[in-house]
Amino acid sequence: MKNTIATDGQVQAFSETQIGEDLSDLICRVALRDRVAFDALYQLTSRKLFGVALRMLKDPGEAEDAIQDIYVRIWQKADHFRPGQAQPMSWLIAIARNLSIDRLRRRKPPAVPITDASDVADPAPGPEAMTAQSMQRQQLNRCLDKLSPRKAEAVTSAYVEGYSYQELADRFQMPLNTVRTWLRRSLLSLRECLKENSL
């Protein structure tokens, strides 16, 4: 399968492998305020980043709004990208994910009429529930500390931050099946650890 990238006003065909290699170059050119490179980067990555935003926001309209903010941020932060230290697509996805999280945090529940306020139960957990939640978090953190740092990072990325198996395989530069095995065994270890701590 071939894709096209515009460079210096010309359209050239690139294989999928070449595209992966060229993303770093495009981001570096965007850091130099190269608008042609920025357009090419958008063409190559917008569908993927829109998918990330849509998966998190669950709203196509809001995801479309988010994608504009995401590329503004990429334009502003391109000079922070360090080739060789991060996979270019992972770096772009992190920006999309962080901006989507910011949008989720800004969402507010619908206002309740003041006349109905007395009938609304306080959703905040009581002191006993808060203590139990705190103890559970501490137990989980202790169990995560028993895993190797990379496995703990993989578990947190998959089950807290929402990374897919393929994204983790790219991030850790490991085969997809190895990442699946890592996560399955790590979850079993966590389950046993939590069971022991609850006895």
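What list of ³J(HN,Hα) values in whole Hz, one per residue of the stretch 84-100 in order, does the Karplus curve 6.51 cos²θ - 1.76 cosθ + 1.60 (θ = phi - 60°) give from phi, with Gly and Pro shown as x?
x, 8, 9, 6, x, 5, 4, 5, 5, 5, 4, 5, 4, 5, 5, 5, 5
At a Förster distance of 22 Å, what's the computed FRET efficiency of Asp65 paired with Glu161, Cβ-Cβ distance as r, to 0.05?
In this case the efficiency is close to 0.50.
For Met174 and Arg150, calculate 0.36 nm times their separation in residues minus their Cα-Cα distance, and state this gained length in nm to one decimal. Don't skip to the answer; put the middle values down first.
Values: separation 24, 0.36 × 24 = 8.64 nm, distance 1.17 nm.
Stretched fully, the Met174-Arg150 segment lengthens by 7.5 nm.
Sorted by accessible area with a 1.4 angstrom probe, largest first, how do Leu144, Leu92 fall? All intermediate terms of the calculation are to be shown ahead of the outcome.
Numbers: Leu144 30, Leu92 0 Å².
Per-residue accessible area, sorted high to low, gives Leu144, Leu92.
When a/c is below 1.5 the answer is rounded, else prolate if a/b is larger than b/c, else oblate, so apply that to the stretch 135-175 with a ≥ b ≥ c taken from the square roots of the Cα gyration tensor eigenvalues. Write down the numbers at each step before the final one.
On the way: a/c = 4.65, a/b = 1.92, b/c = 2.42.
Because a/c hits 1.5 or more and a/b fails to exceed b/c, the stretch 135-175 counts as oblate.
How much accessible surface does Met174 have with a 1.4 Å probe, in Å² rounded to 10?
Taking all protein chains as shown, Met174 has close to 40 Å².
Check which residues have an amide H placed less than 5 Å from Met174's amide H, if you skip close sequence neighbours.
Amide H neighbours of Met174, under 5 Å, 5+ apart: none.
Can you give me the solvent accessible area of Val36 with a 1.4 Å probe, rounded to the nearest 10 Å²?
Only protein atoms counted, so the area is about 50 Å².
The values are calculated or read from the model by the stated rules, or taken from the named source; none is laboratory data. Fair warning: this is a prediction, and the values are worked out from it, not measured in the lab. Positions of Cβ are backbone-derived with ideal geometry, glycine not excepted, and every protein chain shown enters the neighbour counts. These accessible areas exclude ligands, DNA and RNA; they are computed on the full protein's heavy atoms, side chains included. Shrake-Rupley method; radii C 1.70, N 1.55, O 1.52, S 1.80 Å.
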